[in-house]
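The values are calculated or read from the model by the stated rules, or taken from the named source; none is laboratory data. Note that this is a predicted model, so its numbers are computed, not measured. Note that we place each Cβ from the backbone using ideal geometry, even for glycine, and neighbour counts take in every protein chain shown. Ligands, DNA and RNA are excluded from the accessible area calculation, which covers all protein heavy atoms including side chains. Shrake-Rupley method; radii C 1.70, N 1.55, O 1.52, S 1.80 Å.
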Amino acid sequence: MNYQNFFETALDELRGEGNYRVFAELERPVGDAPQAIQHVDGKTRPVTVWCSNDYLGMGKSQLVRETVARTALEDGAGAGGTRNISGTAHLHVALENTLAELHGKEAALLFTSGYVSNWASLSTLGAKLPNCTILSDEKNHASMIEGIRHSKADKVIWKHNDPEDLDRKLAALPVGSAKIVAFESVYSMDGDICPMAEIIEVAEKHGAMTYLDEVHAVGLYGAKGGGISDREGLADRITVIEGTLAKAFGVLGGYIAASSALCDFIRSFASGFIFTTALPPALAAGANASVRHLMTSDIERMRQRRNVARLRGLLDQHRIPHMDNPSHIVPVVVGDPFKAKFLSDTLLDHYGIYVQPINYPTVAKGTERLRITPSPLHSDADIDHLASALSELWSQCALSRAVA
């Protein structure tokens, strides 16, 4: 087999479909956020970042940076090994206690990323619970899908955010059998929010566990920043809440929060936890500082919501179609991979605006989009510039505008 030819052919097919991804090489100076410096062909130019998942700018905050730097100087750069051998630090335990408090749970368990926490937890639960069936929302994240697949448990897909379809599919399963209902609170590509209370009621009716991915909601919603389950007062009825430290909290890592027994079970059986080096203690300390801050501060959330509303209002004025949702995510649907890439490239090259195109397989073909995430750090001038640039390019590409 000509391996090199296979790789090159596969990449050429991606390019032909308009789905080949090109990364912008950026420096992100702290004092200039959300401005960054792009490196191109040995030269640099300023750009404004509009697609970061550091939703509240906490990765740039003085509190978090100083905590990470101080801890790295005191404790070192790495964890020294897996948690099971030599890598459990006091700072890991402190962060787990904070996360358990955030979600009102008995315990929490840290992982190196949100992807790993989903993959490891779902794969372990599905594999170890006898005759388990996992019922997965059809728009769940790849990390959840991979965890379910790896578990080899029976899998049932239910219609997106449809409690009635979930009810029908749970009713078809044997009474008393192990069942896990896996879903997200905020779906990252469309920005829609699940009907959480209805889903929980259906799951409880059929004796199913609930596994909730809150990665795009933690830090952003609820009185303490515990996510949609915090905002709706439903966290106590969720079996497992999974979250990330890499988005609104601005650092790195993933976690689950649940009962002490369930967290200990995952700690004891999940290969994705057992056999990987632990999160650096300095990052755990920075994440803990960020979570603690957002448990009491609403300033960042309010500024972000104000900027989201301002951008949506300007897009409406320019009749730029964007998906209507109640979250902080503003998807501007283009519907064509080549035009989405052209818009992204032109915004970057001619307007100094960095927003990556989202193409298949992240979203379905025909729904290609620009996914915009306003932060508290964007100025009114930044927002005005983005809306104006989009309007000019919308005309240049002869794209349909929203009905006035």
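Per-structure values
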item: Members of region 319-333 that are buried (at least 17 other Cβ atoms within 10 Å of the Cβ) and more than 22 Å from the chain's Cα centre (by Cα); result: ILE320, PRO321
item: Residue pairs meeting the criteria (Cβ under 9 Å; at least 6 apart or on separate chains; first on the phi > 0 side of the Ramachandran plot, in region 149-171; second in a loop (DSSP other than H, G, I, E, B) and open to solvent by 30 Å² or more (accessible area, probe 1.4 Å)); result: ASN161/LYS139; ASN161/ASP192; ASN161/PRO195
item: SER229 vs. criteria part of a helix (DSSP H, G or I) and touching a strand residue (DSSP E or B) at 6+ places or on another chain (Cβ under 7 Å); result: yes
item: Scope region 349-372; condition aromatic (Phe, Trp, Tyr) and open to solvent by 50 Å² or more (accessible area, probe 1.4 Å); matching residues; result: TYR351, TYR360
item: Single unsatisfied condition, LEU110 versus (1) within 16 Å of GLU214 (Cα to Cα); (2) touching a helix residue (DSSP H, G or I) at 6+ places or on another chain (Cβ under 8 Å); (3) in a helix (DSSP H, G or I); (4) not hydroxyl-bearing (Ser, Thr, Tyr); result: (3)
item: Number of the exception - THR276 against (1) surrounded by 17 or more Cβ atoms within 10 Å (Cβ to Cβ); (2) out of contact with any Ser or Thr (no Cβ under 8 Å at 6 or more places or on another chain); (3) touching a residue at least 40 places away in the same chain (Cβ under 8 Å); (4) among the polar types (S, T, N, Q); result: (2)
item: Where a residue in region 96-122 is touching a residue at least 24 places away in the same chain (Cβ under 8 Å) and more than 16 Å from ALA246 (Cα to Cα) and its partner, wherever it lies, is open to solvent by 40 Å² or more (accessible area, probe 1.4 Å) and of a type in the set (Asp, Glu), with Cβ under 7 Å and at least six apart; result: ALA100/GLU106; GLY104/ASP236; TRP119/GLU146
item: Residues (part of a helix (DSSP H, G or I), modelled with pLDDT of 95 or more and closer than 24 Å to LEU311 by Cβ) located in region 29-69; result: MET58, GLY59, LYS60
